[in-house]
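A short write-up of the structure that comes next.
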């Protein structure tokens, strides 16, 4: 413990109170890092670790701010999140800055609570530094500094959970594998997101064994989602006249492979002396022509079995069923397809 | 085998327009009512069928301006759309849009209405903060309409819009990519639309059919006779977003 005694008499009433409240009082003797997450004070090597206690800045642009100590090594303290200035930007703690380590008492009035170090969880919340450069691959989270170089490489993933200036827009909620981690700065390198991760965005760091099952679930969902669904549609078509084909069913540019099954065509409006020709066409390559398949079918006059069925084949590039018949005859139809 | 109508999400589906034809002037409804919507081109505008790189089909509305005959629209006669005459009951409207801020006018997305008289309509407006509005027209109630809207429907981006209206509530909800959005309502909320005997119109102001043209793309526009929950909108979003390249 090192606390100031200057100006205090040995019987000063505030002395024991000061001893109870403060653990260490000193001035930094070298510049901390530019991200505002470290303080340098060589004298600290003479004392036990103060990790887990609050560090308070007493002078400079960050005076009054308190951060929890995360790591203490070789006279350098790393805090859980960066100190900032009046503009909200990360503030470097330079040499000559006065600071104090506050005493933090546990609930039993005695033993301090266990420090959070090493602070590695299977799921961790990261705040992108206010001065971080926008990047699709490099993300710096000062609050996740000090956890050990390369600790997250390969086995952890980063997900952007909040795009601060454009909520809901990429790279939110993309997730990428982490390939490098720099402990001193909290800088992660990950496989490229489709858009820049930017200052003040929020990310989470997820252990692969937690993330992987959700990937598998997504893959299963995608498989199920690709199952063709038996669907129906239909309508009413009035024949224009011989010489003109009217579409009954057409899917001119399908989204992908699908399975037309058949068309039911109600010819009950067909009267004596009236005719209709049904044609089926397929396209077998992108941009190709719709070509007739099978012999066009002629129905003439009143039909003893008015409901006709036109069987269709699997398709990828387009299918069409048309009628050409006596003007004014009305046909009700429906098509079934798996799509 | 999965049956379209057996999927929970398709229960009480009254209109489903996947725009799969890819050619012609007619588009068909894969919901049970089999509504048939017909393209109308009163002047120099046009329609274009197309496919995104994913293969997803779409229908593009291409007006040439804001004039009385500059746009295009889809129409289905009133007699064939009585099932879309919402008054006191529940309903939902949703689908994918990628709209363009073509003029300073509101752009009619879909509606079955007469302005300030009866029925309901949805419209977009770029000049008011990229708003999506739902309007209930009810001249019988003294106030001719009540409106609710949300902002942030940036043009030029694919959005899944969703509107859920519980008949018992004066405050319908909107969802963007299945996430609830901040809503603004007319004082007193959304009163019931007056019963309407109007054509279903997409892409133009009803009755006059001479303005408020919709610009650009639509896919898989749907209407239900029930109020979809947020979870149901999320189901739709996660099932379909890959077609639009949306995360």
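Values quoted throughout were computed directly from the atomic coordinates according to the rules given, and no laboratory measurement underlies them. Note that this is a predicted model, so its numbers are computed, not measured. Here the Cβ positions follow ideal geometry from the backbone for every residue, glycine too, while neighbour counts run over all protein chains shown.
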Top of B:150, B:106, B:169 by mean-square fluctuation, Gaussian network on chain B, Cα under 10 Å:
B:169
How big, in percent, is the set of alpha carbon pairs in region A:201-304 lying more than 22 Å apart?
57 percent
At 20 °C and 1.002 mPa s, the Stokes-Einstein diffusion coefficient in µm²/s for chain B, with hydrodynamic radius from the Kirkwood sum on alpha carbon pairs, is 120 µm²/s
At what distance in nm do the modelled label points of residue B:2 and residue B:186 sit from each other, each positioned 7 Å from its Cα along Cα→Cβ?
4.0 nm
Zone reached by a paramagnetic label modelled 7 Å from residue B:141 Cα along Cα→Cβ, restricted to region B:94-116 with backbone N below 14 Å, covers B:116
Could you work out which residue, out of A:44, A:298, A:77, moves most in a Gaussian network model of chain A, that is, has the largest mean-square fluctuation with Cα springs under 10 Å?
A:298
222 nm [θ] for chain A, helices only, -39500 (n - 2.57) per DSSP H run of 4+, per residue, to 500?
-2500 deg cm²/dmol
What is the diffusion coefficient of region A:136-288 in µm²/s, taking the Kirkwood radius over Cα pairs and the Stokes-Einstein relation at 10 °C with a viscosity of 1.306 mPa s?
76 µm²/s
Roughly what % of Cα-Cα distances in chain A sit above 35 Å, to the whole percent?
53 percent
Of all the Cα-Cα pairs you can form in the protein assembly as shown, what percent are over 34 Å apart?
57 percent
Residue B:231-residue A:261 FRET efficiency (beta carbon distance; Förster radius 41 Å; 0.05 resolution):
0.80
For chain B, modelled as a GNM with alpha-carbon contacts under 10 angstrom, which of B:112, B:135, B:20 fluctuates the most?
B:20
Please compute the modelled spin-label separation between residue B:169 and residue A:86, points set 7 Å along Cα→Cβ, answer in nm with one decimal.
4.7 nm
Per DSSP H run of at least 4 residues, take -39500 (n - 2.57); add these up for chain B, divide by its residues and hand me the 222 nm value, nearest 500 deg cm²/dmol.
-2000 deg cm²/dmol
